[in-house]
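All remarks here apply to the structure that follows.
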Amino acid sequence: MCVPFILIGVAPHAPTVTPLHVGRTYVLGRSSKCDIVARHRSVSRKHAQILIGGLFLKVADLDSRQGTFVDDRRVVLEYLNLGQRLRLGKVEFILAAADRPLELSQDPDSFLDTDEDDSGDGDIACSLGPTREKVLQLLLTGLSEKQIARRLRIKKCTVHNHVTHLYRAFDVQSRAELLAAYLKQANGNGHLDLPLPAPGRTL
C-alpha cells in the first residue's frame, strides 16, 4: 500500500512519526481505539479524522470541544498541505512527505563546503552554512532533490551532497528522522523556522 505522507507529532510530547496510507481514513483522538492516539486532556476522545486520497489529504473535525486547527485557523473540513501544522487542542502535528532512506555517497571527496562544521554539540541548524540551511528548509517542506536544485539554481549532485551532510550532522537515515530531529532541536531552543509550501502548492 502506498505511503506518500507521514504525520509528525511535535508537541507537547516527544516527536512521533505515523505513516499515512492512500485510501485510508484515520481517526485521531484521546481514546485508545483511535487510529492515531493523542493522550492529552485538551483532546476529545474522537477529535478529528484524516482522509488520504491519491493527491490530497483532508482533515475533518468531529465536533471536538477544543477544536481542530490548521496553521492556527479553526476548521471544520479543510485540505492539509505539506509543511502545514495540524493542532488538536494543544497537541500539534506537521504533515510531511514520506521518503526512502538516503543512499549516502561512497566518495568522501565529493562532499562540498567542508569548511562548515556540522559536528559537535549545540544547535546544528544554526551552525549550517547559508546554502545548506536553505536545502534543509526546502527538504523539510517535501521538495525532491531535483526540485530543490531548480529552486536554488544549483546542480542536483550539489544538493545531494548537502543532503548527505545534513543526514550525517543530525545522525539520521531518512527524511522522516531528519524532520523529527530538527523539530526536537527547534522546539528545545524555542524557535521553529519551518517554511510553509508556496501559495497554490497543494497535494
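7 Å from Cα along Cα→Cβ at both Lys33 and Ala60: what's the point-to-point distance in nm?
The two pseudo-label positions are separated by 1.8 nm.
What list of ³J(HN,Hα) values in whole Hz, one per residue of segment 65-75 in order, does the Karplus curve 6.51 cos²θ - 1.76 cosθ + 1.60 (θ = phi - 60°) give from phi, with Gly and Pro shown as x?
Values per residue, Gly and Pro as x: 6, 8, x, 10, 10, 10, 6, 6, 10, 5, 10 Hz.
Can you tell me the FRET efficiency between Arg153 and His21 if r is taken as the Cβ-Cβ distance and R0 is 35 Å, rounded to the nearest 0.05?
My answer for the efficiency is 0.45.
Run the reach check for Lys134 against lysines, Cα to Cα strictly under 17 Å, same-chain hits fewer than 8 apart removed. What comes back?
Here the lysines satisfying the reach criterion relative to Lys134 are Lys146, Lys155, Lys156.
Where a number appears in this text, it was derived from the coordinates with a stated rule and is not lab data. Note that the structure is a prediction, hence the values are computed from the model and not measured. Cβ atoms come from the backbone with ideal geometry, glycine included; neighbour counts cover every protein chain shown.
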